[in-house]
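These notes concern the structure reproduced below.
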Number of protein chains: 2
Amino acid sequence: METWHLARGYRYAGVHSGLRPDPNRFDLALVVSDRPAAAAGVFTQNRVCAAPVRVCRERLPSAEARGIVICSGNANACTGGQGMRDARRMAECAAQGIGCRAEQMLVCSTGVIGRMLPMEVIEPGIAAAAGKLGVDADALARAAHAILTTDTRIKVSTRSMVLDGTEVRLTGFAKGAAMIGPNMATMLAFVLTDAAVSPDDLAEMAPQVAERSFNSISVEGHTSTNDTLLLLANGEGRRLTGVALFQFQQAATEVCADLARAIAADAEGANHLITIEVEGTRNHAEAHRIAKAVADSALVKTAIFGADPNWGRIVSAAGYAGVDFEESDLTLWLGEFLLYERGKPMPFDAAQVSAWLKNNREVAMRLRFTLGPPSLGRCTFYTCDLTYEYVRLNADYTT
Amino acid sequence: METWHLARGYRYAGVHSGLRPDPNRFDLALVVSDRPAAAAGVFTQNRVCAAPVRVCRERLPSAEARGIVICSGNANACTGGQGMRDARRMAECAAQGIGCRAEQMLVCSTGVIGRMLPMEVIEPGIAAAAGKLGVDADALARAAHAILTTDTRIKVSTRSMVLDGTEVRLTGFAKGAAMIGPNMATMLAFVLTDAAVSPDDLAEMAPQVAERSFNSISVEGHTSTNDTLLLLANGEGRRLTGVALFQFQQAATEVCADLARAIAADAEGANHLITIEVEGTRNHAEAHRIAKAVADSALVKTAIFGADPNWGRIVSAAGYAGVDFEESDLTLWLGEFLLYERGKPMPFDAAQVSAWLKNNREVAMRLRFTLGPPSLGRCTFYTCDLTYEYVRLNADYTT
């Protein structure tokens, strides 16, 4: 295991509450900050959002968050007024367990949509987790396990750096949409730091961090009801400003990009991690739109699965992204292979490219436009291929 | 075979030119109007569009169109300046064959993207087709065969009606995106009528007809480089106006809706034709956005394939369609089964619904909103499920 540089002043627990039938499977996580922390979040844009998302939205940004309680296996989405009461109750139980006000606790859920939470097991589960909090990597790993649904491994990324003469650490962990987007109540991510950051600064950077990380992965383009990124900063003393604040945001973005890439790479059923690089558009938003259109195309994804260098699918997906360009503005590489140059198909050895696709689990496609300076409009996007296994896993999830 | 009411004054041919290797497979169609006809079109919105689409756009609307020449097996897309010259040359050869000016001919192609047209077989093929034109159903069927790519059957729909005291007929035929969207150069549709309609009226109604038919089907949401709908009206005498013109537009919409539904039903690899009914939104555009989000969701499509009544996927797809609503605005039925009522999950027998999904090739889902009067904001949308066979067919198309 790589060395983790854990942010100071946080404790973690992951336990089996009984929400999941398998007694060996953790299903409830608790994260606690020893001090009140600045906190901000970014949430799903879905009109249908889960009860815990509503509760977090009410409470953020905050200057005095004390922690997060998370359950997996049940999304607490589409659950009406009872769902809202249950989400609030989860926060209340966690607050009792660690000794703070209920409003200081944040709450997340992930799993099947449309089922009521089994509060009779969750309440004692939260109490048990509060009794098992630890500060070390093992404790973090238990919490990181407890939030997983169909992920095959935990996703953790940390950073350590000196800002304004002080060592600052960031701890990030996440669970994925994975390829199989189980009922869509999918992505959760948490970034905890011992840096001192104001709630307002944290709230301002949160969507920017998400834009360059979690908003640049796609499995099947289905926005979850539960997607949540929470940032907590519990540092004391002088708050970061200026360049130091900017460097901190960069580090938070790197942590989230690590987690985002890990989510795409752990897509169950996927044979390939696909990296899509778009450059030379007029701005980032255009590059992002094009990358997402390519990433969401079932035809592109099945072609990669089939090791078929069917570049017309990539070019035409770019064409319907809603960005104005002429074909002569576009050049396309698949790996090192130049397939399409300024609007013209290039001769290439299809068998060679196909063999390359077969032999590499990670493949990159690069779309270079001549709409603006290359350094300006650019985006890196991650997705995965569409396989038999994806269909199998998703064809039979609830029944 | 059902009885076709063919529009008068049109001749058809379908031949094997050699563009496709199989000598028994037609690959070139010619449609000729005996008189100059009003003509209008609707084309792909893709920035990357095929050469024949560009040629048609230049020539439409027109008051003196004489016909359409169509080849299948090659899209003539992403083919640069040579592709434009080839598309114009196809029209020229057809014009020579029937004796009119080149500008009076329209041209379409469908098939693989990024390959140059084999003009050495297409030119004699067009001449051969011009020598084999016929007016009867068999001739139409040959033309309808010649435009197919991966479709398993021809798609024809006709109407006959009396407008302003005159019998009017419409002949429609199309080829599909099918489920397997071969390189995306997919949908072509043609509606020919012996009604007298002005070019301007035809041009105005064309996008409205498409909106209620071809824009309401989706296979994987990948917009083709070649999608084209052409309307030709060769009637003489007083042109339709007022109510009669409106009735004509209704009939044209019905013909196109028949063809659209046939395209979704003929989706190769598909086990289910899925009808999505949305009603009670503020307007048609909202209903259409929601229906399309549900139709394009890989998670919804795999669930139907797996006979899994996973209604959370449908509700959450509606939630990210970009339409403002509250969960309590939405009620959902799958077939006759009420699964979600005004924001609350309803108890249902999952095994019973699953059995119903297994035993029915055609399944309907109905999303009723309380955002406006039911009759106002509504849309019917067709799609199909996502199956192993879809992945197999698309994983290996060009290689």
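The values are calculated or read from the model by the stated rules, or taken from the named source; none is laboratory data. Since we're looking at a predicted model, the values are computed, not measured. Glycine gets a Cβ as well: all are built from the backbone with ideal geometry, and neighbour counts include every protein chain shown. When the accessible area is computed, the model is the full protein with side chains, heavy atoms only, and any ligands, DNA or RNA have been set aside. Shrake-Rupley method; radii C 1.70, N 1.55, O 1.52, S 1.80 Å.
Note on B:K175: lysines with a C-alpha under 23 Å away, same-chain residues under 8 apart excluded, are B:K132, B:K155, B:K292, B:K301. For the stretch B:261-399, the calculated P(r) over all alpha carbon pairs, in 5 Å bins from 0 to the bin holding the longest distance, is 2, 11, 20, 23, 19, 13, 7, 3, 1, 0, 0 percent. Remark: the stretch B:66-80, residue by residue, has Karplus-estimated 3J(HN,Hα) of 10, x, 9, 10, 9, 10, 10, x, 8, 7, 6, 10, 6, 10, x Hz, where x stands for each Gly or Pro and the curve is 6.51 cos²θ - 1.76 cosθ + 1.60 at θ = phi - 60°.
Panel note: contact residues of the stretch B:47-80 (accessible area lowered by at least 10 Å² against the chain on its own; 1.4 Å probe) correspond to B:R47, B:V48, B:R54, B:C78, B:G80. Angle of helix A:350-359 to the longest C-alpha principal axis of chain A, folded into 0 to 90 degrees and rounded to 10: 20°.
Shape index of the protein assembly as shown: Rg/Rh, with Rg the Cα radius of gyration and Rh the Kirkwood radius from the inverse mean 1/r over Cα pairs, equals 1.03.
Taking the C-alpha atoms only, the angle from helix A:137-146 to the longest principal axis of chain A is near 70 degrees.
Relative contact order of chain A, taken over Cα pairs closer than 8 Å and 6 or more residues apart, is 17 percent.
What the phi angles of the stretch A:368-384 give under the Karplus curve with 6.51, -1.76 and 1.60, with θ = phi - 60°, is a coupling list of 9, 9, 10, 9, x, x, x, 7, 8, x, 8, 7, 10, 10, 10, 8, 9 Hz, glycine and proline written as x. Excluding ligands, DNA and RNA and using a 1.4 Å probe, chains A and B jointly bury around 4600 Å² of accessible surface, summed across both partners.
With both partners inside chain B, how many of the DSSP beta bridges are antiparallel, as a percent to the nearest 5? Expressed as a percentage, antiparallel bridges in chain B total about 70. Name all residues of the stretch B:352-387 having a backbone nitrogen under 20 Å from the label point set 7 Å from the Cα of B:A285 along its Cα→Cβ direction, giving them as ranges. In the stretch B:352-387, the label zone of B:A285 (backbone N under 20 Å from the point 7 Å along Cα→Cβ) covers B:369-381.
Taking a ≥ b ≥ c as the square roots of the eigenvalues of the Cα gyration tensor, the stretch B:7-63 is oblate, since a/c reaches 1.5 or more and a/b is not larger than b/c.
Close amide-amide hydrogen proximity is noted between B:C384 and B:I274, each under 5 Å apart and 5 or more residues distant or on a separate chain (H modeled in the peptide plane; Pro and chain starts excluded). Can you bin the stretch A:261-313 into rounded, prolate or oblate? Criterion: square roots of the alpha carbon gyration tensor eigenvalues sorted a ≥ b ≥ c, rounded for a/c under 1.5, prolate for a/b above b/c, oblate for the rest. Oblate, because a/c is 1.5 or more while a/b does not exceed b/c.
In nanometers and ordered shortest first, the copy-to-copy spacing of the A:V243 label point, defined 7 Å from Cα toward Cβ, is 8.0.
Shown here for the stretch B:263-356: GluC sites (Glu not before Pro) in loop regions (DSSP other than H, G, I, E, B) with at most 16 other Cβ atoms within 10 Å, namely B:E326, B:E336.
Residues of the stretch B:318-348 buried by at least 20 Å² of accessible area upon assembly of all protein chains, compared with the chain on its own (1.4 Å probe): B:G319, B:Y320, B:D324, B:F325, B:E326, B:E327, B:P345. Here the contact order of the stretch A:270-399, divided by its residue count and restricted to Cα pairs under 8 Å and six or more residues apart, works out to 47 percent. Our summary gives the stretch B:256-324 a relative contact order of 28 percent, counting only alpha carbon pairs under 8 angstrom and 6 or more residues apart. Using Cβ point charges alone (K and R +1, D and E -1), the dipole size of the protein assembly as shown about the Cα centre works out to roughly 100 debye. Of the solvent-accessible surface of the protein assembly as shown, computed with a 1.4 Å probe over protein heavy atoms with every protein chain present, carbon and sulfur atoms account for 48 percent.
Using the Karplus relation 6.51 cos²θ - 1.76 cosθ + 1.60 with θ = phi - 60°, the per-residue 3J(HN,Hα) values for the stretch B:294-311 come to 5, 5, 7, 6, 4, 6, 5, 5, 6, 4, 5, 4, x, 6, 10, x, 8, 5 Hz, with x marking Gly and Pro. Near B:A95, within a Cβ-to-Cβ distance under 14 Å, what is the net charge of the other residues, with Lys and Arg +1 and Asp and Glu -1? Value of the local net charge: +1. For B:A128, the distances from its label point to the matching points in the remaining copies are 7.6 nm, ordered from shortest, with each point set 7 Å beyond Cα toward Cβ. Of the beta bridges in the protein assembly as shown, as assigned by DSSP with both residues counted there, near 70 percent are antiparallel. The shape of chain A can be summarised by an equivalent ellipsoid whose semi-axes, obtained from the alpha carbon gyration tensor, come to 38, 25, 18 Å from longest to shortest.
For the stretch B:41-125, the pair-distance distribution built from all alpha carbon pairs, in bins 5 Å wide starting at 0, is 3, 16, 29, 26, 17, 8, 1 percent.
Secondary-structure-derived ellipticity at 222 nm for the protein assembly as shown, considering helices only, amounts to -10500 deg cm²/dmol, per-run term -39500 (n - 2.57) for DSSP H runs with n ≥ 4. A:E204 label point (Cα plus 7 Å toward Cβ) to equivalent points in the other copies: 5.3 nm, shortest first. With coordinates expressed along the principal axes, the C-alpha atoms belonging to the stretch B:44-87 extend over 30, 21, 17 Å, beginning with the largest.
Per residue, chain B exposes an accessible area of 35 Å² to a 1.4 Å probe, with every protein chain left in place. Hey, what angle do you get for helix B:119-130 against the long axis of chain B, alpha-carbon based, 0 to 90 degrees rounded to 10? Rounded to the nearest ten degrees, it is 80.
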